[in-house]
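Contents: one structure, followed by commentary.
Nothing in this text is a laboratory measurement; each read-out follows from the coordinates by a stated rule. What you see is a predicted model; the values in this text were computed from it and never measured. Virtual Cβ from ideal backbone geometry, glycine too; neighbours counted across all protein chains shown.
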Amino acid sequence: MDVAIVKYNAGNIFSVVNAFKRLGIEPILTSDPAVLQRASHVVFPGQGEAGNTMSYLRSTGLDKVIKSLQQPFLGICIGMQLMCRHSEENDTDCLGIFDVDVKRFNPSVHSEKVPQMGWNSLHQLQSTLFNDIKEGDYTYFIHSYYVPKCDFTIATTDYIIPYSSALKKDNYYATQFHPEKSGKIGEQILKNFLLND
C-alpha cells in the first residue's frame, strides 16, 4: 500500500504523516504528480488560508492533478474546504469537486466563539468511513468556516448550526475534523479510509 500525502504550502501536514506511521504505514510526502497518480491512497491535509493555498495549487498544477485522481482521496480540514466550489474566505474559487460553497460561522451570542476549537460530536453517519464509529463519538476540530449540509454530507456536527463534518463523492472523501488529532476514533477513521480501494 502506497499512501501519498499532498505536499503544499499548508500547516499541520506532519501530524498526518505521524498518524499514518502510528498505523504502520510509511506515507510519501510529495508534490510530484506521477507519484500522486501511482499511489494507492492520497491524503490532502492541512491548516491554512483558502486564497493563498488555491493560488499555490494553481501555480504548481496540483489543482488539476487532484481533480484527475481515481484512487481513494481524503481531504482534511482546509483540504475539505478547498475541495468545494467556493469559499467565503477571501472570496476564493476552489477545486469544485463538491458542488457546495464554504461559509463563515456567524455567531449570534458571545458564547459562540469563532474559530470552533476543540472536541465535538459526529452524527448522521452514512459511510464505510465510519465503520465501528458510534453516533455521538467525538473528534477534534479547529475552523472558522464550514460546509453546509448538502447532497454529499456523510456526517454532521452542530456548532452554531448543524453543518457537514464529512463529505463523499465517488472516490473523494473529506473531513472537517482532524482524524490525526482525534485519538482512537480518528485512528479508526484513517484505518477505514485505507480499506477503500
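Brief remarks on what is shown
- Protection proxy ranking of 13-24, 138-149, by the mean of other Cβ atoms within 10 Å over each peptide's residues and highest first, is 138-149, 13-24.
- Inter-label distance, D132 to E88: 3.8 nm, where each label sits 7 Å from its Cα along the C-beta direction.
- On the beta carbon distance between D151 and M117, with R0 = 25 Å, the FRET formula returns roughly 0.30.
- Cα gyration tensor, the range 23-65 - rounded (a/c under 1.5), prolate or oblate: oblate
- Under 14 Å, Cβ to Cβ, from E89 - net charge with Lys/Arg +1 and Asp/Glu -1: -2
- Scanning residues 5 or more positions from D2 or on other chains, those with amide H under 5 Å from its amide H are S40, H41, with H placed 1.01 Å from N in the peptide plane.
- Principal semi-axes in Å for the range 1-114 [√(5λ), Cα gyration tensor, largest first]: 26, 17, 12
- Mean-position separation - Cα centroids, the range 18-58 and the range 129-197, in angstrom: 18 Å
- Prolate/oblate/rounded label for the range 130-192 (Cα gyration tensor, a/c 1.5): oblate
- Signed unit charges on C-beta, dipole axis of the chain, positive-most listed residue Y8, N171, P148: Y8
- Å³ per residue enclosed by the Cα convex hull of the chain: 103 Å³
- 3J(HN,Hα) along the range 81-90, derived from phi through the Karplus expression 6.51 cos²θ - 1.76 cosθ + 1.60 where θ = phi - 60°, amounts to 5, 5, 7, 8, 6, 7, 10, 5, 5, 6 Hz, with x in place of Gly and Pro.
- Charge dipole of the chain (Cα centre as origin; +1 on each Lys and Arg Cβ, -1 on each Asp and Glu Cβ, all else neutral): 260 debye, rounded to the nearest 20.
- Highest mean packing first, where packing is the average number of other Cβ atoms within 10 Å per residue, the peptides 175-181, 65-71 line up as 175-181, 65-71.
- Surface/4 of the Cα convex hull for the range 88-169, nm²: 5.8 nm²
- Each Lys or Arg adds one and each Asp or Glu subtracts one; over the other residues with Cβ under 9 Å from the Cβ of S144, this totals 0.
- Peptides 74-86, 161-173, 116-128 ranked from most to least packed by the mean count of surrounding Cβ atoms within 10 Å: 74-86, 161-173, 116-128.
- For the range 51-58, 3J(HN,Hα) computed residue by residue from phi via the Karplus equation (6.51, -1.76, 1.60; θ = phi - 60°) reads x, 5, 5, 5, 4, 5, 4, 5 Hz, glycine and proline entered as x.
- Sequence-separation-based contact order of the chain, relative, with Cα cut under 8 Å and 6+ spacing, percent: 19 percent
- Prolate/oblate/rounded label for the range 1-53 (Cα gyration tensor, a/c 1.5): oblate
- Charge dipole of the range 49-133 (Cα centre as origin; +1 on each Lys and Arg Cβ, -1 on each Asp and Glu Cβ, all else neutral): 140 debye, rounded to the nearest 20.
- Multiplying each eigenvalue of the alpha-carbon gyration tensor of the range 42-97 by 5 and taking the square root yields semi-axes of 17, 12, 10 Å, largest first, rounded to whole angstroms.
- Straight-line cross-link partners of K184 among the lysines, defined as a Cα under 19 Å from its Cα and at least 8 positions apart when in the same chain: K21, K134.
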